[in-house]
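If you scroll down you'll find the structure; I have some questions about it.
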Amino acid sequence: MTLTTTRLLRCAAASLLLMLMLTAVARAQSPSGTVYVSSEKDDALTMIDLATLTVKGTIPTCKRGRHLQLTPERKLMLACSDSGVADLIDPASGQSMRHIPLGDDPEAFDLSPDGKTLYVSSEDDAAVVFIDIASGKRLREVKVGQEPEGVKVSVDGKLLYVTSEVASLVHAIDIASGKVVANIKVGKRPRRMAITPDGKELWVTCELDAGVTIVSTATHAVLANLKFEVKGARAQDITPVGIALARDGKRAFVALGRANHVAFVDVAARKVTDLVLVGKRAWNVALDKDEKRLFVVNGLSDDLSVIDVPAAKAIKTVPVGRVPYGVVVVE
Amino acid sequence: MRRAALLVFALASVVDAAGAAAVTLKATLIGPQDDPRLERARLERATLGHPGGPAADGVQLALADAGFELEAAGAAIALSQAPARSVESARAAAIAAEKGGAALVLTDLPADWTLAVADAVTLPVLNLGAPDDRLRQQDCRPRLLHLLPSERMRADAIAQALVSRKWSKLLLLVGPSAPDQQRAAAAQASIKRYGLQLVDTRPFKLSTDPRERALANPLLLTAGQNYDAVWVVDTDGEFARGLPYRTVLPRPVVGDAGLVALAWHAQFERYGAPQVSRRFSKAVKRPMTDRDWAAWMAGKTLVALATAAPKGPNTAWAQALPRTTVDGAKGVALSFRAWDGQLRQPLLLTDGQGVVATAPIEGLLHPSDVLDTLGADAPEKLCKSAR
């Protein structure tokens, strides 16, 4: 070994050490995690690195994946309309673990608090189907209004709320008996729902009413109708769909569809505090763990907007798959 | 003792009936008997913009869709059908419907018959089948509402699409029938409204007679001028079908072939439209056409009225009707224009295979509602009858 090679080796070792140290520093400063985005036309999830906000890869999935949700075991569950299954994906390996049959044209779903039962809206059959996840068996089917969409389980796991887009109703279903216990008339074309952390209020986005209907979970009475206004957009262009609530229940984030904005709402005051411009047809939304960043799927511009929540400003747009739909953050 | 118990039961059932008090909203659909539009050969051609089957299919789908909603509201709708052989029998059917307690009359009839029905009764009339502009303009009626887009709306949608592509020089080919002449006037008005340029208007004739070849041969008909697109007005559809790819210049065809503006197409992919088209084709085993959409919207209008006021009465429904909004799976809530009773709506531009674009085109501005860039707008004051 000559002197030069030894020097070179030493130099290389030193720079390697430096690189490792730098990476460690970077890890400590920025969050590590992944944002998963489903897209209707790619049969894949796009993975975005939370630290760099760049696409780091894709995971092949079942066909026409739409609603995406984390299970209590922190696995990804994706409902596929064309395949009629839920794809259970392990985020650690990036591999599909199994398919759970959901029937024809499943739309959205929710899980029981113990993660054992899945409740899925079946658009074609105008029904909600209860499925035992372990066995994949259909436990029950409850008929509801046409084009059921959003599905939400109450905080205590006893009631199931389902929106019917055509009937403009939210059906409250007693899970134990499978009976519809209330039909709540909400705004036109109800889509998605969120429940406040105290379990008292159900927020329902109404796509053709430019608003959110707020329902009392105790009485099933409508408490308020919140209407959105965006400067330069007419009411008919404000089509809210996606909704997320902050963990403390103080703020709601509502994607306004074709108005291309996300509204930040003060939950107690029922007032819009900020409007953030994003991409085309803002669809579903998700927060990171610190609630510093909000990820917004833009259905008609095939991208994801990243919003800095404290600044109420979009800081980056990341191109994702064709007709993106759902978004989940895993940290 | 036994008798008393029976009496109580009877009383209870009377109370029950009164408590529910579901007043049935009755509607009568009047369509032509032995409808020539539904002859097998015509249906097989599946010309864009022509009926694909009976209008009742669409209305019934809307009522079936709403089963849950009607039940939840304690409302009920009964649809009856009355085929009409002539304008007189259409009128008689409408009068019979009114006497029978109908709240609304639905028509899938030619313009003259539609007017006869509207003039024979004091009920609101929903027009599902006549796209004629005169029913929205000089011959409008205060209680006559239109679900199907007017010819002007369709022409405006095409003109907007041409504007968005900057295909501004147009060659207009017009068929020989009276509707062709009226629709050509609508096309010319839209060309003017959107600042397009008409390089020539030429009549065509469906013929293989060598002596008439200047009127019938697409190559000869489209020669001698430069243009960006050929706009063909052919109500029958047979000539237009053979026009694309047979023009002397490699230019697109629009109007009644090539790119066509319609209320609906079964391949529309947005706003929950595939679910509607799928439900329709599942129910009646054929694709959902624009006419079926208009019929479906009429059914949805009935549902909106019945669920908003389950107890009626007919007069309350008639009053609520002009302010009713409906969801047509086209992304916006749809309402009726106050000045001519036309349902305002986005239109789809299709080549028959898919939906190429929608109108109003993006970027178009209007002082109150961008949907009113399609068809007769309020300031034109073309409908003089008070509403």
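The values are calculated or read from the model by the stated rules, or taken from the named source; none is laboratory data. Note that this is a predicted model, so its numbers are computed, not measured. Cβ: placed from backbone, ideal geometry, glycine included. Neighbour counts: every protein chain shown. Remember, those area values only see protein heavy atoms, side chains included, never the ligands or the DNA or RNA. Shrake-Rupley method; radii C 1.70, N 1.55, O 1.52, S 1.80 Å.
Condition check ((1) within 28 Å of B:Phe68 (Cα to Cα); (2) out of contact with any Phe, Trp or Tyr (no Cβ under 6 Å at 6 or more places or on another chain)) across all residues:
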| site | (1), (2) |
| --- | --- |
| B:Trp293 | yes, no |
| B:Met297 | yes, yes |
| B:Ala304 | yes, yes |
| B:Thr350 | no, yes |
| B:Val356 | no, yes |
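If you don't mind, there's one more thing I want to ask. Does B:Val232 satisfy the criteria of being out of contact with any Lys or Arg (no Cβ under 8 Å at 6 or more places or on another chain), buried (at least 20 other Cβ atoms within 10 Å of the Cβ) and more than 14 Å from every other protein chain (Cβ to nearest Cβ)?
Working: out of contact with any Lys or Arg (no Cβ under 8 Å at 6 or more places or on another chain): yes; buried (at least 20 other Cβ atoms within 10 Å of the Cβ): yes; more than 14 Å from every other protein chain (Cβ to nearest Cβ): yes.
Yes: the conditions hold for B:Val232.
Take residues that are more than 9 Å from chain A (Cβ to nearest Cβ), open to solvent by 30 Å² or more (accessible area, probe 1.4 Å) and within 16 Å of B:Leu126 (Cα to Cα) and tell me which of the helices (runs of 4 or more DSSP H) falling wholly in region B:262-336 contain 1 or more. Write out each step before concluding.
On the way: elements: B:273-284, B:290-308, B:314-320.
The qualifying helices (runs of 4 or more DSSP H) are B:290-308, B:314-320.
Name the single residue that is surrounded by the most Cβ atoms within 10 Å (Cβ to Cβ) among those in region A:188-225 being among the hydroxyl-bearing types (Ser, Thr, Tyr) and under 16 Å from A:Phe264 (Cα atoms).
A:Thr205
Let me ask something additional. Here's a check for you: in region A:113-139, which residue that is more than 14 Å from chain B (Cβ to nearest Cβ) and on the phi > 0 side of the Ramachandran plot is nearest to the chain's Cα centre (by Cα)?
If we filter region A:113-139 for residues that are more than 14 Å from chain B (Cβ to nearest Cβ), which is where we start, we get A:113-120, A:129-139.
After this cut, where a residue has to be on the phi > 0 side of the Ramachandran plot as well, the list is A:115, A:136.
Values: A:Gly115: 17, A:Gly136: 23 Å.
Here the answer is A:Gly115.
Further question on the same structure: Collect the residues in region A:161-180 that are surrounded by fewer than 24 Cβ atoms within 10 Å (Cβ to Cβ) and away from chain B (no Cβ under 13 Å), keeping them in residue-number order.
Those that are surrounded by fewer than 24 Cβ atoms within 10 Å (Cβ to Cβ) and away from chain B (no Cβ under 13 Å): A:Asp174, A:Ile175, A:Ala176, A:Ser177, A:Gly178, A:Lys179.
Out of all the residues in region A:129-152, is one or more closer than 27 Å to B:Gly272 by Cα, in a loop (DSSP other than H, G, I, E, B), modelled with pLDDT of 95 or more and open to solvent by 10 Å² or more (accessible area, probe 1.4 Å)?
Filtering region A:129-152 down to residues closer than 27 Å to B:Gly272 by Cα leaves A:129-131, A:138, A:140-152.
Now drop any that are not in a loop (DSSP other than H, G, I, E, B), which leaves A:144-147.
This time we only want the ones that are modelled with pLDDT of 95 or more, so: none.
Within region A:129-152, not a single residue is closer than 27 Å to B:Gly272 by Cα, in a loop (DSSP other than H, G, I, E, B), modelled with pLDDT of 95 or more and open to solvent by 10 Å² or more (accessible area, probe 1.4 Å).
Residues checked against (1) free of Cβ contacts under 8 Å to residues at least 24 places away in the same chain; (2) under 20 Å from B:Val248 (Cα atoms); (3) open to solvent by less than 40 Å² (accessible area, probe 1.4 Å); (4) part of a helix (DSSP H, G or I):
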residue	(1), (2), (3), (4)
B:Ser190	no, no, yes, yes
B:Leu206	no, yes, no, no
B:Glu212	yes, yes, no, yes
B:Leu219	no, yes, no, yes
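Just to be sure before I move on: is A:Arg74 in contact (Cβ under 8 Å) with a residue 40 or more places away in the chain and within 26 Å of A:Gly33 (Cα to Cα) in the structure I sent? So that I can check it myself, show each step before the final result.
On the way: in contact (Cβ under 8 Å) with a residue 40 or more places away in the chain: yes; within 26 Å of A:Gly33 (Cα to Cα): yes.
Against the criterion (in contact (Cβ under 8 Å) with a residue 40 or more places away in the chain and within 26 Å of A:Gly33 (Cα to Cα)), A:Arg74 qualifies.
Separate question: Restricting attention to region A:94-127, report how many residues are outside any strand (DSSP E or B) and of a type in the set (Ser, Thr, Tyr). Let's see the steps before the verdict.
Start the filter on region A:94-127 by keeping residues that are outside any strand (DSSP E or B), which leaves A:94, A:102-105, A:112-116, A:123-126.
Still in the running and of a type in the set (Ser, Thr, Tyr): A:112.
The number of residues fulfilling the criteria is 1.
Of B:Asp57, B:Asp35, B:Asp16, which residue is modelled with pLDDT under 95 and either within 30 Å of A:Val180 (Cα to Cα) or within 14 Å of chain A (Cβ to nearest Cβ) (or both)? Don't jump to the end; show me each part of the working.
Values: B:Asp57 fails: modelled with pLDDT under 95; B:Asp35 fails: either within 30 Å of A:Val180 (Cα to Cα) or within 14 Å of chain A (Cβ to nearest Cβ) (or both).
Of the residues listed, the single one that is modelled with pLDDT under 95 and either within 30 Å of A:Val180 (Cα to Cα) or within 14 Å of chain A (Cβ to nearest Cβ) (or both) is B:Asp16.
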